[in-house]
Amino acid sequence: MIGWVLGYPALRVQHHYLAFVTLAFATLVFLVLRNEEWLTKGVYGITGIPRPTLFGWSTKGPIAFYFFCLGVLALVSAGTWWLVRSPWGRAFTALRENAIRADSLGVDTRRYTLMAFAFGSAIGGIAGVLYAPLIQFIEPTAFNLNLSLNLLLMVMVGGSGYFLGPFLGAAVSVLLPEWMRFGSEGLYLIFYGAAVMVLMAFCPSGLLGLAERARRLVK
């Protein structure tokens, strides 16, 4: 519901203006989480979040909870895969490529824009449902602007517009800085940032876009 409502500003703004709207909303949520202590306990956070038990199977252990999250990921990925290849997904693709052309072909751009925000927010909500029992403690700092920027970076690095792009981008954004941490004498974040800037400058479509370009050159 929140994603659907947030989609209304997207009907009037585009490109980087839309990014400003969504980032401003993320900042607003962070301020509410930090200041409304009656609801979130403010900077003290919420503790003792239990892990679920499904049909008698307890996920309290780290291995059990890992497989639980892996199963949820598989279900969400399968649902998203089906959605992308459904008539809705084709309408989303047409809207992404050229909204005016999609409108001329009879696509209800207003409706599908709101639906895109709703679906994206729902998937983000599922991630939050898994994050809370994983840490078993949540506080406002975990949901500041850096989180939104990191998620955006994952999509851009992996490849925007590719189904596996966020998977690859998440793996790179999480693992690469850790690998570069050793032997870089504390400069690994500078090297990582420079690598991302070079990638975005020469291949805005991300790593999967770069791989596709290399495949075409080989052919």
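The values are calculated or read from the model by the stated rules, or taken from the named source; none is laboratory data. Here the structure is a predicted model, which is why all the values come from computation and not from measurement. So basically every Cβ, Gly included, is an ideal-geometry build from the backbone, and we count neighbours across all protein chains shown. Accessible surface is based on the protein model in full, side chains and every heavy atom, while ligands, DNA and RNA are left aside. Shrake-Rupley method; radii C 1.70, N 1.55, O 1.52, S 1.80 Å.
Return the pairs, sorted by first residue and then second, in which the second residue is assigned to a loop (DSSP other than H, G, I, E, B), the first residue lies in region 198-219 and is on the phi > 0 side of the Ramachandran plot, the beta carbons are less than 6 Å apart, and the residues are 6+ apart or on different chains. These pairs meet every condition: G206/G159. Among the numbered conditions (1) touching a helix residue (DSSP H, G or I) at 6+ places or on another chain (Cβ under 8 Å); (2) over 22 Å from G3 (Cβ atoms); (3) at pLDDT below 90; (4) in a loop (DSSP other than H, G, I, E, B), the only one that P50 does not meet is (3).
In this structure, S86 qualifies as farther than 26 Å from L149 by Cα and either open to solvent by less than 80 Å² (accessible area, probe 1.4 Å) or small (G, A, S) (or both). The residue that is most open to solvent (accessible area, probe 1.4 Å), counting only those in region 16-68 that are among the hydrophobic types (A, V, I, L, M, F, W, C) and in contact with a strand residue (DSSP E or B) (Cβ under 8 Å, 6 or more places away or on another chain), is I46. Scan region 157-171 for residues that are among the aliphatic types (A, V, I, L, M) and surrounded by 20 or more Cβ atoms within 10 Å (Cβ to Cβ) and the total you get is 1.
From the list L95, L83, exactly one residue is modelled with pLDDT under 90 and part of a helix (DSSP H, G or I). Which is it?
Unique residue meeting the criteria: L95.
Taking region 106-204 and the helices (runs of 4 or more DSSP H) fully enclosed by it, the elements with 1 or more residues that are more than 19 Å from the chain's Cα centre (by Cα) are at 109-135, 165-181, 188-202.
Only a single criterion out of (1) open to solvent by less than 40 Å² (accessible area, probe 1.4 Å); (2) out of contact with any Leu (no Cβ under 7 Å at 6 or more places or on another chain); (3) of a type in the set (A, V, I, L, M, F, W, C) is not satisfied by C203, namely (2). In the set (1) part of a loop (DSSP other than H, G, I, E, B); (2) touching a Lys or Arg at 6+ places or on another chain (Cβ under 8 Å), the condition left unmet by F65 is number (1). F20 meets all of the listed conditions (1) outside any helix (DSSP H, G or I); (2) within 28 Å of Y162 (Cα to Cα) but one, namely (1).
Per-residue answers, yes or no, for (1) at positive phi; (2) without any contact (Cβ under 8 Å) to a residue 40 or more places away in the chain; (3) of a type in the set (K, R):
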{"site": "D103", "(1), (2), (3)": "no, yes, no"}
{"site": "R110", "(1), (2), (3)": "no, no, yes"}
{"site": "A118", "(1), (2), (3)": "no, no, no"}
{"site": "A122", "(1), (2), (3)": "no, no, no"}
